[in-house]
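Everything on this sheet refers to the single structure shown next.
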Amino acid sequence: MRQLFQKNPVLEAIRNGRAPVGFFNYIKDTTILDIAGTVGFDFAIIDGEHAVMDRETMEHMILAAQVNHVVPMIRVPDVIPYLLRNYMEMGALGLLVPHISTGETCRLAQDALRYPPFGTASCCRSIHADGFRPANWMDYLDWVNENLSFVPMIEDPVGVDNLDEILDVLKPGRDMVMFGKADYGQSLGSLNRDGTINPAVNEAYYKVLKRCKEREIGFMACPSASPGGQTSADVQRVIDEGCSAVVLNTDQMTLADAFQGIVGKCLDMKIQ
């Protein structure tokens, strides 16, 4: 029997002093989440911004994550209230929203994930997240307010300028912030061709990290890596810097790095 309203394992790991580790899920095949659960990933961010997934596919990926004990989180393409609520109803335990740059936009997204009197989400008592039982609805409301994480992504200079008003919208211990280094670098016109990060990007990154820690808001980081791909040392570095949760690169990038590490050394092998 499916257990409803369990505490969010990602938040529980952070409360217990361990930084959970996840990855961006772009490949629309549930086998990826089967593998993720087998090797021990804590969560997967199923991508709806850059990956090509429709809502039905996203629902299948959420269910696959749950079956494999991987916390399903979703990155949406924009602040689209009905879409945020819909993924919450499907069972997502975290929602990431890109390019949050003002407190007003942050509040719009937060409200879409909370039911009255805490927000504006529309009520439906026949959803996966409440077990399709109206009798469960009040317990579901309490669970959402404590366990569903909202993660605004700071990816533009104006978002850093308005950081405090964005953080005012978030609940310590439940919500987190993620800083998008690539988009921030692109907005500055300084995304380096070799993949390295411009010092101005890192300066903004550390500013956001420091302010989140001061405000007791969780910080989710994606480690910078060498051209050969991310390593456990990269993960340890961002944890040592003070991040709360770690997101690895996309499954596509990780697969490409792994394949390149094997195939790249084989292309010039001669038959003896």
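Within segment 174-204, count every residue that is in a loop (DSSP other than H, G, I, E, B), over 19 Å from Gly229 (Cα atoms) and touching a strand residue (DSSP E or B) at 6+ places or on another chain (Cβ under 8 Å).
2
Would you check which residues across segment 24-63 are under 22 Å from Val151 (Cα atoms) and among the small types (Gly, Ala, Ser) and list them?
Listed by number, the residues that qualify are Ala36, Ala44, Gly48, Ala51.
Look at segment 14-41 and say how many of its residues are outside any strand (DSSP E or B) and touching a residue at least 60 places away in the same chain (Cβ under 8 Å).
7
Scan (1) over 19 Å from Pro98 (Cβ atoms); (2) assigned to a strand (DSSP E or B) for the single condition Phe219 breaks and write down its number.
Failed condition: (1).
Here are Leu96, Leu108: which of them is closer than 17 Å to Leu170 by Cα, of a type outside the set (Val, Ile, Thr) and in contact with a helix residue (DSSP H, G or I) (Cβ under 8 Å, 6 or more places away or on another chain)?
Numbers: Leu96 fails: in contact with a helix residue (DSSP H, G or I) (Cβ under 8 Å, 6 or more places away or on another chain).
One residue alone meets the criteria, Leu108.
Mind checking which pairs have a first residue in segment 247-272 that is under 21 Å from Val71 (Cα atoms) and part of a helix (DSSP H, G or I) and a second that is of a type in the set (A, V, I, L, M) and modelled with pLDDT of 90 or more, Cβ under 6 Å, 6 or more apart or different chains?
Asp251/Ile27; Asp251/Ile32
Only one of Gln260, Gln230 is within 23 Å of Lys28 (Cα to Cα) and either crowded, with 19+ Cβ neighbours inside 10 Å or under 18 Å from the mean Cα position of the chain (by Cα) (or both); which? Reasoning before the result, please.
Details: Gln260 fails: either crowded, with 19+ Cβ neighbours inside 10 Å or under 18 Å from the mean Cα position of the chain (by Cα) (or both).
After ruling out the rest, the residue left standing is Gln230.
Provide a single number: the residues in segment 150-181 that are over 11 Å from Thr102 (Cα atoms) and either of a type in the set (D, E, K, R) or exposed (fewer than 14 other Cβ atoms within 10 Å of the Cβ) (or both).
Matching residues across segment 150-181 total 6.
Would you mind stating whether Lys210 is basic (Lys, Arg), closer than 24 Å to Thr102 by Cβ, surrounded by 13 or more Cβ atoms within 10 Å (Cβ to Cβ) and over 18 Å from the mean Cα position of the chain (by Cα)?
The answer is yes for Lys210.
Residue-wise test of (1) farther than 24 Å from Pro72 by Cβ; (2) modelled with pLDDT under 95.
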| residue | (1), (2) |
| --- | --- |
| Asp240 | yes, no |
| Ser244 | no, no |
| Thr254 | no, yes |
| Gly261 | yes, yes |
| Gly264 | yes, yes |
| Met269 | yes, yes |
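The values are calculated or read from the model by the stated rules, or taken from the named source; none is laboratory data. Note that the structure is predicted; figures quoted are calculated from it, not measured. Reconstructed Cβ throughout: ideal geometry from the backbone, glycine too, with neighbour counts over all protein chains shown.
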